[in-house]
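What follows is one structure encoded as structure tokens, with my remarks underneath.
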Amino acid sequence: MSIKEPHNAGRSDSRILYGAGMSWSLILPWLGLLVVGFAYPVFKLLSGSFFDDGFTLVHYQRAVTEPLYTAVLLRTLRIALIVTVCALLVGYPIAYAISKLVRPWSMVVAACVLIPFWTSILVRSYAWIVLLQRKGLINTLLIDLGVTSEPLRLLYTEFAVILAMTHVLLPFLILPVYGALKTIPADLPMAAYNLGATPIKVFWKVVFPLSLPGVFAGCLITFILALGFYITPALVGGPNSLMMATLIGQQTTQVLNWPFAGALATILLITTVVLAVMFRTLLAKNRGFSSGI
Amino acid sequence: MGQSVEIKDVWKSFGGFDAVRSATVKIQAGEFLSLLGPSGSGKSTLLMMVAGFLQPTSGKILIGDEDVTAVPANRRGIGMVFQKYALFPHMTVFENIAFPLKMRKLRRSEIESRVGQALDLVKLRDLGSRLPIQLSGGQQQRVAVARALVFEPPVLLMDEPLGALDKKLREEMQFEIKNLQQSLGVTMVYVTHDQEEALTMSDRVAVMNHGEMQQIADPKTLYREPGSPFVADFVGKMNLIEVTYVDQTASGALLKTAGGNRFSIQNLAVSTPDPERPMKIAARPETIALSRRNETSGTLLEGTIHQCVFMGSMTMVQVIVGPEDEVVYVQTEADASYKPGEVAYLEFDGSRTSLFAHGPDEN
Ligand SMILES: Nc1ncnc2c1ncn2[C@@H]1O[C@H](COP(=O)(O)OP(=O)(O)O)[C@@H](O)[C@H]1O
Ligand SMILES: [Mg+2]
């Protein structure tokens, strides 16, 4: 989680305290574990997608030409985008509230954000099943209120996927935005107010622009996590809301077509990296932010 | 263009704690008033109430003839320079200075010419396109001043604006701010904890302590006739010596130090000659004459030289009087040659020495 520190003094301090040898000997075991446990299998999976009795692009050809797979990729991008926007629209006001509220209340709101964050994603996703199913809380409520006579089909839809993913990913947006809001010196909004700005202008001309680094960081994290999200879409989504990660999961566990799963994974990885780089370029072009606040 | 500011019996409490108590002062249009006091004395709190960021618990604030107590900060039209400048880091110098004009919906051409004038005023003509982070501390300070003045406010507030600058730059800026204030005729309320700064810049100084305005006076009066031991101690270098009154003699009032040393002061006005009552005399180092022998007819305070500190244009001599090692500072000419341990006599100038009754509330 990248909460921006006002001064990053810690880094150079530890460099003085511990020599290079010490640092490496501490890092190496974990580096080894990472290579054996993560880098090698991923490399194996990704490289496997290029081989089938010798070098071939047939898996990629299939992934690109068969409409099902491009549709899933586009849907994944669309859902990730919608989830990011929803998380921003819901999360920004919450982050703003936490940064503005006084002591006991800010803690209460922060706890409401963080306690779900510390709860397993699996549990939170199942909670949505309980809420959204045919005889779940929401349908019961709607019928009791007379909004509908028949229970609505909420679960196993794209709506359910977006709703649950937004909820699950919300803290990843709130925390960086909160961090950015907290680093804005209190005298800046005061100065704007003193210079004749209305409270709304104070927000849009000063507070919001200065929180953009946190907004960008939060959106990027949320978007990337949403692109590769597996558990929540698999649990609350249906065949019509299939996403890339679920598709890759099916290929490895049910169809056992590992090279094709590798090809899909490579495509998802490249898409993610390209979008992340585009995002960062956009951010760097944004005047003032590269030079810090 | 300045307008008067009237603070009428203003109180501010934070949950039972009175940060400002019964502040009352009328600042004339175009006057430079400093709020001087130690940290925590309520200077900023009072300034925040004038600016409109804090609501007084009771009391009124008037600008010109208008009661602005209930007017929100963004409609008071008061200029303010913050301690850390509070420049918007995502805007250029030009945009920063244009901000108050944009909020007032001025025409673009008007904004450009006024920002240009403001930049000229603070001698930053060519730096309009820079970001605040690309400026030195002194330049940032000037931008903050330009931004606070560009919309021609009748009143300008500054809260320790020079605190972050080094000594030389600070003195330069004191001079420039004072000049600007005078030439524009804007009313200034200036917060500082630096008594030298307050004395050199102000028309009048209000000394604050524990939320109270202890004395409001022009710098000369404040320095020469401090109204309380606190003001005497806080403004300039001051010797405060505990004494009791003994008698009136031919050579002036005869006093006794806590250690039992007697000495007389010619021309000292004693309003309550009560031998039972502990008092304090306050004398500036430059008003005390130091000599090796008592050549006057009166009784002089006897002391032992502790140390001489050469300070360029003069020498500050520390003299120990009495058994409690009480130190009295005496200013002598630069090449005075007293040695530690030497006995010396202190002669006080009654017309330049203040006498305070030793009340329980003084500090
Ligand atoms: N918002 C606040 N809540 C509680 N106490 C405060 C608040 N603002 C200031 N104070 C207290 O009021 C007193 C005066 O503060 P301040 O006006 O900032 O002093 P100064 O500017 O003279 O250093 C201090 O004791 C401070 O702790
Ligand atoms: Mg202060």
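The values are calculated or read from the model by the stated rules, or taken from the named source; none is laboratory data. For clarity, every value in this text was computed on a predicted model and none was experimentally measured. Cβ: placed from backbone, ideal geometry, glycine included. Neighbour counts: every protein chain shown.
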Count - residues of the range B:105-124 that are at positive phi and crowded, with 18+ Cβ neighbours inside 10 Å: 0
Breaking point among (1) away from ligand 1 (no atom under 16 Å from the Cβ); (2) touching a helix residue (DSSP H, G or I) at 6+ places or on another chain (Cβ under 9 Å); (3) at pLDDT 95 or above, for B:SER109: (2)
Test result for B:THR92, of a type in the set (Ser, Thr, Tyr) and in contact with a Gly (Cβ under 7 Å, 6 or more places away or on another chain): yes
Residue in the range B:50-67 that is in a loop (DSSP other than H, G, I, E, B), at pLDDT 95 or above, in contact with a strand residue (DSSP E or B) (Cβ under 8 Å, 6 or more places away or on another chain) and more than 16 Å from ligand 2 (Cβ to nearest atom) present: yes
Condition check for A:GLY214: under 18 Å from A:LEU114 (Cα atoms), out of contact with any strand residue (DSSP E or B) (no Cβ under 9 Å at 6 or more places or on another chain), touching a residue at least 24 places away in the same chain (Cβ under 8 Å) and within 14 Å of chain B (Cβ to nearest Cβ): yes
Selected residue (criterion: nearest to ligand 2 (Cβ to nearest atom)) from residues of the range B:158-196 that are away from every other protein chain (no Cβ under 14 Å) and assigned to a loop (DSSP other than H, G, I, E, B): B:HIS193
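Quick grid of which residues meet (1) away from ligand 2 (no atom under 16 Å from the Cβ); (2) basic (Lys, Arg); (3) within 14 Å of chain A (Cβ to nearest Cβ):
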| residue | (1), (2), (3) |
| --- | --- |
| B:THR69 | yes, no, no |
| B:PRO72 | yes, no, yes |
| B:ARG75 | yes, yes, yes |
| B:VAL81 | no, no, yes |
| B:THR92 | yes, no, yes |
| B:GLU112 | yes, no, no |
| B:GLN117 | yes, no, no |
| B:LEU121 | yes, no, no |
Matching option when the condition is out of contact with any Pro (no Cβ under 6 Å at 6 or more places or on another chain), surrounded by fewer than 17 Cβ atoms within 10 Å (Cβ to Cβ) and among the charged types (D, E, K, R), among A:ARG103, A:ARG134, A:ARG75: A:ARG103
Some residue of the range A:192-202 being crowded, with 16+ Cβ neighbours inside 10 Å, touching a strand residue (DSSP E or B) at 6+ places or on another chain (Cβ under 9 Å) and farther than 28 Å from A:VAL273 by Cβ: yes
Which numbered condition B:TYR85 fails, given (1) in a helix (DSSP H, G or I); (2) within 11 Å of chain A (Cβ to nearest Cβ); (3) buried (at least 20 other Cβ atoms within 10 Å of the Cβ): (1)
Matching entry among B:LYS26, B:LYS105, B:LYS8 (being under 25 Å from the mean Cα position of the chain (by Cα), free of Cβ contacts under 8 Å to residues at least 40 places away in the same chain and more than 16 Å from ligand 2 (Cβ to nearest atom)): B:LYS26
Check on B:VAL5, away from ligand 1 (no atom under 16 Å from the Cβ) and out of contact with any strand residue (DSSP E or B) (no Cβ under 9 Å at 6 or more places or on another chain): no
Residue that is modelled with the highest pLDDT, among those in the range B:294-310 that are closer than 21 Å to B:GLY259 by Cα and not in a strand (DSSP E or B): B:LEU300
Counted residues, the range B:125-140 - those being away from chain A (no Cβ under 14 Å) and either among the small types (Gly, Ala, Ser) or crowded, with 22+ Cβ neighbours inside 10 Å (or both): 4
Condition met for B:THR332 (surrounded by 18 or more Cβ atoms within 10 Å (Cβ to Cβ), assigned to a loop (DSSP other than H, G, I, E, B) and not aliphatic (A, V, I, L, M)): no
Subset of the range A:199-211 (residues that are facing another protein chain (nearest Cβ under 7 Å) and touching a helix residue (DSSP H, G or I) at 6+ places or on another chain (Cβ under 6 Å)): A:VAL206
Scan of the range B:16-37 for residues that are outside any strand (DSSP E or B) and more than 7 Å from ligand 1 (Cβ to nearest atom), ordered by number: B:GLY16, B:GLN28, B:ALA29, B:GLY30, B:GLU31
Counted residues, the range B:29-47 - those being among the hydroxyl-bearing types (Ser, Thr, Tyr) and away from ligand 2 (no atom under 12 Å from the Cβ): 1
The listed residue being within 21 Å of A:GLY238 (Cβ to Cβ), touching a residue at least 12 places away in the same chain (Cβ under 8 Å) and not in a helix (DSSP H, G or I), out of A:TYR69, A:TYR126, A:TYR156: A:TYR156
Which numbered condition B:ALA98 fails, given (1) more than 30 Å from B:SER228 (Cβ to Cβ); (2) more than 14 Å from chain A (Cβ to nearest Cβ): (2)
Of residues in the range B:202-258 being of a type in the set (A, V, I, L, M) and assigned to a loop (DSSP other than H, G, I, E, B), the one nearest to B:VAL186 (Cα to Cα): B:VAL235
Residue ID - nearest to B:ALA118 (Cα to Cα), chosen from residues in the range B:155-168 that are buried (at least 20 other Cβ atoms within 10 Å of the Cβ) and away from ligand 1 (no atom under 16 Å from the Cβ): B:LEU156
